[in-house]
Amino acid sequence: MKKRIIVVGGGLSGLMATMKICEAGGQVDLFSLCPVKRSHSVCAQGGINAVMNTKGQNDSVWEHFDDTVYGGDFLGDQVAIKGMVENAPKLIEMFDRMGVTFTRTAEGVLDLRNFGGQKNKRTCFSGATTGQQLLYALDEQVRMWETKGCVTKYEFWEFVKIIKTKEGECGGIIAQNMKSMEIEAFAGDAVIIATGGPGFVFGKCTASTICTGSAVSSCYQDGAYLGNPEFIQIHPTAIPGDDKNRLMSESARGEGGRVWTYRDGKPWYFLEDMYPAYGNLVPRDIAARAIFKVCVHMGLGINGENRVYLDLSHIDTDYLNRKLGGILEIYEEFVGDDPRKVPMQIFPAVHYSMGGMWVDIYHRTNIIGLFSSGECDYQYHGANRLGANSLLSATHSGTISGPKAMEFTKTREWIDGAKAVSAPLTAEELAKAKADAEAEFEKLMAMDGEENAYVLHKELGELMLENVAIERHNDRLEYCGKELVKILKRWDNIGLTDKGRWFNQEVMFVRQLRNMIVYARAITQAALQRNESRGAHYKEEFPNRDDENFLKTTRVKCNPQTLAPEIDYIDFDHSMIKPRPRRYDIAKGGK
Amino acid sequence: MSNNTECVHTDFYVRRLHSLLGIVPIGFFLLEHVITISQVLGGGHAFDAAVAKLAAIPHDILITLEIVFIAIPLLIHGIYGMYIAMQAKLNPGRYGYMRNKQFTLQRITAWYLVPFLLWHVGYLRFIVKGSEGISFAQMSSYLDNPIVFALYVIGLVAAIFHFTNGLFTFSITWGISKGPRVQSVVNKMAWGLFVILAAVGVASMFAFIG
Amino acid sequence: MAEQKKVHFIIERQDSPDSAPYTEEFLLDYRPAMNVVSSLMEIQKNPVNKAGKKVSPVVWECNCLEKVCGACMMVINGKARQACAALIDQLEQPIRLAPARTFPVIRDLMIDRSVMFENLKKVQAWVAVDGSWEVKPADRQNPYTATEAYEISRCMTCGCCMEACPNVGPQSDFIGPAAIGQAHLFNLHPTGQYDKHKRVGALMQKGGSSSCGNSQNCVQACPKQIKLTTYIAQMNRDINKQALKNIFSK
């Protein structure tokens, strides 16, 4: 009998895991709340890091390893990272064989580009849509496996929760058909959660609208630990949109873009003013904090809104077209202004979550039978992610979680010699889990309070963005934690406007929103307790890194009664590269 | 799908046949028509002379030619063409691009030409040619009726458009013109041919009614 | 203060696949930088129609909002396009939104495009690799061919070409431009071309490339400017070659 593995999420990591499972002879039930080809992985533009060493720079895997550990401010598990960077060139060759349309040199080999935080050219890319191309390659392969009958896709099915056996192991999942709203219980020999990041917790961000972190939060509430959730990467220059914030490549500043806003009726080039040595080329985090300060604390944003100018209009148009053509077109398309003539308006935006579900190096969570891979796990990036390492970690983690899940179905072995003892879920157990989930859903459908879920979400995002994103102060974090409890309370008072039982998006969002609020509490609490500055986590009160107390992984457990986060700190492997001070140089090129 | 290379691909061959028949022989026959009627521009007797030349072809051979090169191709092209036209939902109102308008016209002209040709062939070939015979005098009096004249002018122009636009689509369907530049050139040439043929044809029609 | 500028929407709605469509109008407060998606998000926050009646929020599909996932395709003022890139300032009002009815409607503006993914199976739009494990590294590729391939592989299966094509829809079995372009994409790949005869064979079948009527709307509608008509002509050429081969070599 074939082993059945449930994969939740059809982005790079989920699809990679799916393919690996099929190759190992397993059967996959693949769940996604959208057609997998539309997953958020498509948004990654810049590239994927791998040491190909084809540019005469004597690049080495060790160098990539060191850059990743250093970039992550030494909070990444070094065994895991080493495995990833060693695997990277093989993954590129795999993608090349699959037909990914990598950009090539004149002699037909893969071209490499520079990326921030790395001295060597190490980033393979496919025009400006690398994520899209990589995702499509795996989508195609999984479609091939689908035609062979090894994959069953459940698209437009939303993951609701894991089903635990009476021994507390993960035996399957509850999922809901988004069209018919029917709830179903699925048994699996193992479950892999690959549902991406929680960007939507911060409201408008660079992530897709589906990146709510809801699935992770649901597992967290069922006992899975989170790791390092306080580490959220901010991109300094995003285009604030009415619907979302879109990335504006760092290369705009690299090519001479000046950042300014009006002060006393005159343009104020505040980056040049505040940081004369680096001017507009200060690193991402410093630029983000300066822009935040000018807008939020000084109230000097354009028209009082949270945005400042990123000005290219003083630069020769031909030069701009040659160097930045593609990204300027994006701005023009989504904003309607020509950045060659009018200064662009930008503001920092939440971009990536380094933290996520706690996993060991084999992507096993603390719940037996439950794996997690991709952005939704906490592995590989430590306190800060290098550009072009996200596509790598997403793919690589799938090459671990998939085979390890298959292995588990045979050996039944778990972390620290633990062994799975549960029998597969019986029909009665599945029926009961289904009935419980249906009852929960009926409660949602019956909600008829005063609050609008989408408005409440907007408030949640604004609260998080203001207090937990770019700049963190303990008093603000404490305040935010209390506000989140209030928002959670207000959630109970939501009223559904859509009472329909056919593709009711609102009721699904209400459930996601609750999970987002619970996740937000974990982020906030973890940020509050980490009294140091490291990577993306910055506190003015504690401006330095504190290796003595905080060279540790934050582990968050959810209190099942109060839903409050409970934090402890655990050791991780940092034996290979000794922590050294992380000094920012000027970030170069790319995103 | 695994054995799709083993399929007979009937639909493919019928479609290619439909496309080919539109040019050879139907298109050529249309050209012959336009050339014959254009003789009238040289006067009624010139037209009568041209008709007489065609009539000189031995009867048995003519009938065979008519059946093999005209009747059967027209029937195949017409019947299968209606099937093709029924698979389109015309949308030039929403997508008012030139090529889409051409696509729409190709189908509208097709729907006009089916009854028109039944009438045209039925009356002139079977009734008139079978009795009094085609002549300038007969055509002049026939076309003197303004309704008949209008329907004939429309029919002629529609047939010419259907043919010349068909040349353009033929070049794509058969993979001859591939890129946007060559397709644009072929399209312009097709339009040029349309203008010439339509001008000659319409002028000839007016020449009939003097 | 001047009177609040409004944005007027007329939205074609439908509660379920089988129910009758109806239109509902909404008036939203104008804000700078609005687009169709952000307007629909506003309706979610305050689902009240023009008549002041509270209604269920409009259902539509969107993910990335960067014109790369393909989800939010709908018919805006008569034309199929991505809602995330449809700026209110550039649209004539009232703005009419409708689902792309070439596809079955699920609810409101939400449509079922699974046929497009099924089409990708038909034309075997993949390179049949032996496995994800290490094999020989891939061959070099002509960078010019690779550039052409890149252009096609940006296709996000949004369905604009399908909606614009007069020959695609419930009345026809035409596979549509997207899948033909994808078949050509994999025919360009050094190892993908090993299966070229299968893809060409699939498009030789009923509803394949020869069902194209050359309206050429697809190339105009494609939000990624993929030269679909060029690839359809190329496929026609390849099919002719294969037809000759089938006739004379088998």
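For the protein assembly as shown, list log₁₀ I(q)/I(0) at each q in 0.06, 0.07, 0.09 Å⁻¹, using the Debye formula over Cα point scatterers of equal strength and ignoring solvent, two decimals each.
Cα-only, vacuum Debye calculation for the protein assembly as shown: -0.51, -0.67, -1.02.
Please rank B:209, A:567, fewest neighbouring Cβ atoms within 10 Å first, as an exposure proxy. Don't jump to the answer; show the numbers that get you there.
Details: B:209 14, A:567 17.
Taking fewest neighbouring Cβ atoms as first place, the list is B:209, A:567.
In straight Cα distance, which lysines are under 29 Å from residue C:53, not counting same-chain residues fewer than 8 positions off?
Here the lysines satisfying the reach criterion relative to residue C:53 are A:179, A:204, A:244, A:443, A:458, A:489, A:499, C:5, C:6, C:45, C:79.
Below 8 Å, C-alpha to C-alpha, sequence gap of six or more: please give me the relative contact order for the range A:234-351 in percent.
Values: 188 pairs, mean separation 41.8, N = 118.
The value is 35 percent.
Can I get the semi-axes of chain A's equivalent ellipsoid? Compute them from the C-alpha gyration tensor as square roots of 5 times the eigenvalues, in angstrom, largest first. Don't skip to the answer; put the middle values down first.
Working: eigenvalues 265, 163, 110 Å².
Those come to 36, 29, 23 Å.
Over the whole of C:205-213, what's the average partner chain Cβ count within 10 Å per residue? Rounded to a whole number, please.
Taking the mean over all residues of the peptide, I get 6.
Using only the alpha carbons, work out the radius of gyration and Dmax of chain B in angstrom.
18.9, 65
Test of understanding: ordering A:305, B:66, C:3 by Cβ neighbours within 10 Å, fewest first, what list do you get? Intermediate values should be presented prior to the final figure.
Working: A:305 12, B:66 15, C:3 5.
Result, fewest neighbours first: C:3, A:305, B:66.
For residue B:24 and residue B:64 in one chain, what is 0.36 nm times their gap in residues minus the Cα-Cα distance, to one decimal in nm?
On the way: separation 40, 0.36 × 40 = 14.40 nm, distance 1.65 nm.
Extra length from residue B:24 to residue B:64 when fully extended: 12.7 nm.
For peptide B:9-17, compute the average count of partner chain beta-carbon atoms within 10 Å of each residue's beta-carbon.
On the way: counts 10, 2, 8, 14, 4, 2, 6, 5, 0.
The mean count of partner-chain Cβ atoms within 10 Å per residue comes to 6.
Return the whole-Å distance between the Cα centroid of the range A:417-442 and the Cα centroid of the range A:210-281.
42
Across the residues of C:142-154, average count of Cβ atoms on other protein chains within 10 Å? Before the final figure, lay out the partial values.
Values: counts 3, 8, 3, 3, 8, 4, 1, 6, 9, 2, 1, 11, 8.
Partner-chain Cβ atoms within 10 Å, mean over residues of C:142-154: 5.
Rank these for me by crowding, A:51, B:157, A:556, going from fewest to most other beta carbons within 10 Å. Could the numbers behind the result be given before it?
Numbers: A:51 21, B:157 18, A:556 26.
Arranged by neighbour count, lowest to highest, A:51, B:157, A:556 become B:157, A:51, A:556.
Which helices, taking whole DSSP H runs in chain C, have alpha carbons extending 27 angstrom or more along the helix axis plus mean Kyte-Doolittle at least -1.0? Please report the intermediate quantities before stating the final value.
Values: long enough: C:228-249 (30 Å, -0.34).
Span-like helices, by this rule, are C:228-249.
Relative contact order for the range B:1-113: what percent, with Cα pairs under 8 Å and sequence separation of 6 or more? Each step should come with its number before you reach the end.
Numbers: 39 pairs, mean separation 30.9, N = 113.
Normalised by residue count, the contact order of the range B:1-113 is 27 percent.
Express the relative contact order of the range B:8-209 as a whole percentage, based on alpha carbon pairs under 8 Å and six or more residues apart in sequence.
On the way: 139 pairs, mean separation 64.0, N = 202.
Averaging sequence separation for qualifying contacts and normalising by length gives 32 percent for the range B:8-209.
Where a number appears in this text, it was derived from the coordinates with a stated rule and is not lab data. The structure presented is a predicted model; accordingly, all values stated were derived computationally and were not measured. Quick reminder, even Gly has a Cβ in these numbers, built from the backbone with ideal geometry, and neighbours come from all protein chains shown.
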